Amino acid sequence: MSKLPSTIRDFIVERQDHLAREIVARQWKLRPSLEQRYGNKGRARCTDDAQYHLRYLSEAVGAQEPALFSHYVTWAKTMLGTRNIPVEDLVANLELMLDVLQEELPVPMQIPALDYVKSAIRDLVLAADTPSFLDPSQPLAELANQYLGALLRYERHSASDLIMRAVENKIGIKELYFHVFERCQYEIGRLWQSNVVSVGQEHYCTASTQLIMSQLYPYIFRSDRKPRGTIVAACVSGELHELGARMLCDLLEMEGWNTIYLGANVPATGIVAVLRDNRSHILALSASMTFHIPAVREVIMAVRLASPTTKILVGGYAFKIAPNLWRDVGADYWTRDASEAISLISGLDANVVSE
């Protein structure tokens, strides 16, 4: 495999700050009205945005997955547009990125990087806004809407009552996880992207769902079972979006597995130590943000050295965008969601899971 993609990635990452400042300086020079419209604070934010653009571009090129950058750019279009930053400003920023990269990148590195940016600009023009994740035709749609409404009103106790009444009415825990918690989390993310809810509201909703999930643990964790095996799950270093991995572990517990959930932002050394101490031979890793893919690679390389027989499953939003990414990072499996992960793990030979 050619080392050029990873060389381009490293080159951009190392010069990210310089490249971002140069892009913004040129944009401000070409359009003096931006200074009046946004001021110094706006310029600083624009520089931050340019750094994010470059981070996503570098990882997309390194993984040889143009979809990672195109998807990010279309997401940024909606996020910035709802904050009164027109798409024309984003396009101008990306076009200047092309100019700067063409000047700064060595010739052999130019074609892949520039092609990714050009492709993203084309996709940006055609991109539509993300539809709601709360589809009325889906199971438990009414309950999901009521639950989300309660959270957005900061009524955590009302949201909890809705879930506990649903359990009393014999609605299954799995159905609540898949059709209420998961879909509402996706919708909260969409609402933040669209500037409908604040960062604080988003965090409140997520923390409330975590608390409400814990109230269901008496139905999930049973003492009268013989575990089918032990599975370790973690979010890689830097990754703070942990609810999906937590949900997977809860659902695996219901299937009879013993799970060791390590939470968010776990370093590679910590993951390797837990696998060793608990003689577990299956690891589930989660990464939502594209720029955490290097951390996934780091964990997988460390696990391969310490425990070559361990089977590694990856998931998270970054892998949904680029379905072949799991091969690039060296994983054994990838699944689209918790339901697929449970089916896959249940099909593994018990000897693979634990000694």
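The values are calculated or read from the model by the stated rules, or taken from the named source; none is laboratory data. Everything quoted here is computed from the prediction, not taken from an experiment. Using ideal geometry, Cβ is built from the backbone for each residue, glycine included, and neighbour counts are taken over all protein chains shown. Please note that ligands, DNA and RNA were not included when accessible areas were found on the heavy atoms of the full protein model with its side chains. Shrake-Rupley method; radii C 1.70, N 1.55, O 1.52, S 1.80 Å.
Some points to look at:
- Of the numbered criteria (1) at pLDDT 95 or above; (2) over 30 Å from residue 172 (Cα atoms); (3) among the small types (Gly, Ala, Ser), the one residue 322 fails is (1).
Matching residues to (1) in a helix (DSSP H, G or I); (2) under 20 Å from residue 339 (Cβ atoms); (3) of a type in the set (A, V, I, L, M):
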{"residue": "158", "(1), (2), (3)": "yes, no, no"}
{"residue": "164", "(1), (2), (3)": "yes, no, yes"}
{"residue": "178", "(1), (2), (3)": "yes, yes, no"}
{"residue": "183", "(1), (2), (3)": "yes, yes, no"}
{"residue": "195", "(1), (2), (3)": "no, no, no"}
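- Taking (1) touching a residue at least 40 places away in the same chain (Cβ under 8 Å); (2) closer than 24 Å to residue 197 by Cα; (3) assigned to a helix (DSSP H, G or I) in turn, residue 80 satisfies each apart from (1).
- Considered as a group, the residues in the stretch 19-76 that are basic (Lys, Arg) and assigned to a helix (DSSP H, G or I) include one that is least open to solvent (accessible area, probe 1.4 Å), and that residue is 26.
- Verdict on residue 347 being open to solvent by 50 Å² or more (accessible area, probe 1.4 Å), among the small types (Gly, Ala, Ser) and more than 24 Å from residue 63 (Cβ to Cβ): yes
- Residue in the stretch 10-17 that is of a type outside the set (A, V, I, L, M, F, W, C), open to solvent by less than 80 Å² (accessible area, probe 1.4 Å) and under 16 Å from residue 103 (Cα atoms) present: yes
- Test result for residue 140, at pLDDT 95 or above, hydrophobic (A, V, I, L, M, F, W, C) and over 23 Å from residue 182 (Cα atoms): no
- Among (1) assigned to a helix (DSSP H, G or I); (2) open to solvent by 30 Å² or more (accessible area, probe 1.4 Å); (3) touching an Asp or Glu at 6+ places or on another chain (Cβ under 9 Å); (4) modelled with pLDDT under 95 - the single one residue 90 does not satisfy: (2)
- On the stretch given as the stretch 130-160, residues that are open to solvent by 80 Å² or more (accessible area, probe 1.4 Å) and under 22 Å from the mean Cα position of the chain (by Cα) total 1.
- Qualifying positions in the stretch 104-129 - open to solvent by 60 Å² or more (accessible area, probe 1.4 Å) and in a loop (DSSP other than H, G, I, E, B): 128, 129
- Scanning the stretch 274-298 for residues that are buried (at least 19 other Cβ atoms within 10 Å of the Cβ) and either of a type in the set (S, T, N, Q) or more than 19 Å from residue 13 (Cβ to Cβ) (or both) turns up 275, 280, 281, 282, 283, 284, 285, 286, 288, 290.
- Residue within the stretch 240-259 that is buried (at least 17 other Cβ atoms within 10 Å of the Cβ), without any contact (Cβ under 8 Å) to a residue 40 or more places away in the chain, in contact with a strand residue (DSSP E or B) (Cβ under 7 Å, 6 or more places away or on another chain) and in a loop (DSSP other than H, G, I, E, B) present: no
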